[in-house]
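Visitor: Please find one structure pasted underneath; my questions will follow.
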């Protein structure tokens, strides 16, 4: 009898032990809305409905959206816990205008503290269309620099003024920022557009010599060239990323990023000599260099091995050269008119517009090596091509013109009343 009692006690203890250590299960998730493969547009709001249950009690429920690479693309939304068995409805806004068209996944993630379960629902999202939000013109007079916005019919509104002189400027439509650098009396200022509010700045040094020599925006980097030889890379928040240093006795001016290289025009401080110096863009380390015949007007990536470099020779007259990166050599595909080059606009990787001081804008096509007159009667000091609307923005003196490209026709004219230093087109993304 004693042995039977002991055996029963052991069995009871074993049963209680098994009950205490039994494994915790997983939450159950049922998504009822939206339906599978429903299509939304950027700026729509998704109504997400789901039912979740767990025997031991829920500790967290969150909702987020991932792209095709399973990377979250929008903010995570925390869902309040209302019980072991709960249903919820949440409004999830698609508020990132950068999102591209494609298939995405709604993820409902529930945890009981020990185990986590996921519910999935595939949807499609259509990207927001790219639209032009404004043309910004930078002018200078005795009171300083002025940024004016031209609307769709070329009505002018001054949105920003800063003291000092002018070196260069650029825009980033992705981050909706305008970058303006002074030369030897002023700062580099970054403005959030379209309100033209200050985001960050770099202090310049007032001196008899130039301080900022160029500003260039590419992806999430702003390349600021300085007379002291530095090229500093900043992200859109103003944080320094990396920097490059020009050769001793030289300073950087024009820059261009293409195929993970940073191409830089560097001028000798004591002569007219100039080099094209190539750096590795991610690290800023020097790669190779070769001589160029004179000041650069524009540089553009042509294909993975070639860069198109346009400018004016030191002795006068324009040049258009193709730079072979692996071979570190230049060659000239054609002879240009006997005039000085003022501006270049890229239509696509193969086609370009070149404005000369003889009052003619020419087209250049790499595929055919064709060079033909396009527009007469305007000295195009600056040009910007609007690929979305197939339009060309041109400045000459104090005037800014808008042309429809196909067929070619003048649409609008604006008199800025002051010398135009640059024109920029800003898009919504």
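Bear in mind these aren't lab numbers, they're just calculated from the coordinates by the rules spelled out. Here the structure is a predicted model, which is why all the values come from computation and not from measurement. Backbone-built Cβ (ideal geometry, glycine too); neighbour counts: all protein chains shown.
Visitor: Going by how many other beta carbons lie within 10 Å of each one, how would you line up 357, 390, fewest first?
Guide: 390, 357
Visitor: Which residue, 316, 83, 249, tops the fluctuation ranking in a GNM of the chain built on C-alpha contacts under 10 Å?
Guide: Result for the chain, Cα springs under 10 Å: 83 fluctuates most.
Visitor: Mind telling me which of 177, 69, 313 comes out most flexible in a GNM of the chain, alpha-carbon contacts under 10 Å?
Guide: Answer for the Gaussian network model of the chain: 69.
Visitor: Please work out how much length the chain gains when fully extended from residue 76 to residue 55, using 0.36 nm per residue of separation minus the C-alpha to C-alpha distance, in nm with one decimal.
Guide: The span from residue 76 to residue 55 would gain 5.0 nm if fully extended.
Visitor: On to the next question. Could you list log10 I(q)/I(0) for the chain at q = 0.08, 0.09, 0.11 Å⁻¹, which the Debye formula gives when each Cα is one point scatterer?
Guide: For the chain, the Cα-only Debye profile gives -0.59, -0.70, -0.93.
Visitor: Which peptide among 362-368, 318-324 comes first, and what is the full order, when sorted by highest mean count of other Cβ atoms within 10 Å?
Guide: Final packing ranking: 318-324, 362-368.
Visitor: Determine the gain in length on full extension of the stretch residue 260-residue 37; use 0.36 nm per residue of separation and subtract their C-alpha separation, reporting nm with one decimal.
Guide: Result for the pair: 76.6 nm of gain on full extension.
Visitor: Sticking with this structure for a sec: If each DSSP helix of 4+ residues adds -39,500 (n - 2.57) and the sum is divided by the residues in the chain, what number results at 222 nm, nearest 500 deg cm²/dmol?
Guide: Estimated from H runs of four or more residues: -1500 deg cm²/dmol.
Visitor: For a quick check, take a GNM of the chain with Cα springs below 10 Å and name the residue from 194, 373, 295 with the largest mean-square fluctuation.
Guide: 373
Visitor: Can I ask one more? Going by how many other beta carbons lie within 10 Å of each one, how would you line up 219, 286, 225, fewest first?
Guide: Going from least to most buried by this count: 219, 286, 225.
Visitor: Tell me, how many Å apart are the Cα centres for the stretch 347-397 and for the stretch 264-281?
Guide: If we compute the Cα centre of each part, the gap is 26 Å.
Visitor: Roughly what would the spin-label model give for residue 427 and residue 30, points 7 Å off Cα along C-beta, in nm?
Guide: Placing both labels 7 Å along Cα→Cβ, they lie 4.6 nm apart.
Visitor: While we're looking at this one, here's another question. Between residue 174 and residue 62, take the C-beta separation as r, use R0 = 22 Å, and let me know the FRET efficiency to the nearest 0.05.
Guide: So the FRET efficiency works out to roughly 0.20.
Visitor: Once you sort the root eigenvalues of the Cα gyration tensor of the stretch 300-359 as a ≥ b ≥ c, which label holds: rounded (a/c under 1.5), prolate (a/b larger than b/c) or oblate (the other case)?
Guide: Since a/c reaches 1.5 but b/c is at least a/b, the shape of the stretch 300-359 is classed as oblate.
Visitor: Fewest to most neighbouring Cβ within 10 Å: what's the order for 99, 77?
Guide: Ascending Cβ contact count within 10 Å gives the list 77, 99.
Visitor: Length gain on complete extension for the stretch residue 271 to residue 118, per 0.36 nm per residue less the alpha carbon to alpha carbon distance?
Guide: Working it through step by step, the gained length comes to 48.4 nm.
Visitor: May I pose another question? Quick one: if the Förster radius is 41 Å, what FRET efficiency do residue 206 and residue 237 give, using the C-beta to C-beta distance and rounding to 0.05?
Guide: 0.95
Visitor: Give the distance, in whole Å, between the Cα centre of the stretch 413-429 and the Cα centre of the stretch 49-101.
Guide: For the stretch 413-429 versus the stretch 49-101, the Cα centre distance is 44 Å.
Visitor: Helix 2-20 against the longest principal axis of the chain: what's the angle in degrees, Cα atoms only, rounded to the nearest 10?
Guide: With both axes taken from Cα atoms, the answer is about 20 degrees.
Visitor: Oh, and also: Distance between Cα centroids, the stretch 309-338 to the stretch 130-203: provide it in whole Å.
Guide: Distance between centres, Cα-based: 31 Å.
Visitor: Can you work out the FRET efficiency for the pair residue 45 and residue 131, with r the C-beta to C-beta distance and R0 = 25 Å, to the nearest 0.05?
Guide: Rounded to the nearest 0.05, the efficiency is 0.75.
Visitor: Just the Cα atoms of the stretch 28-126, one point each, no solvent: what log10 I(q)/I(0) does Debye give at q = 0.17, 0.20, 0.21 Å⁻¹?
Guide: Treating every Cα as an identical point scatterer, log10 I(q)/I(0) equals -0.71, -0.94, -1.02.
Visitor: Here's a follow-up. Give me the Kirkwood hydrodynamic radius of the stretch 176-292, using the inverse of the mean 1/r over all pairs of distinct Cα atoms, in Å to one decimal.
Guide: 14.5 Å
Visitor: Right, here's the next one. Roughly how many nanometres apart are two label points built 7 Å out from the Cα toward the Cβ at residue 303 and residue 84?
Guide: The two pseudo-label positions are separated by 6.8 nm.
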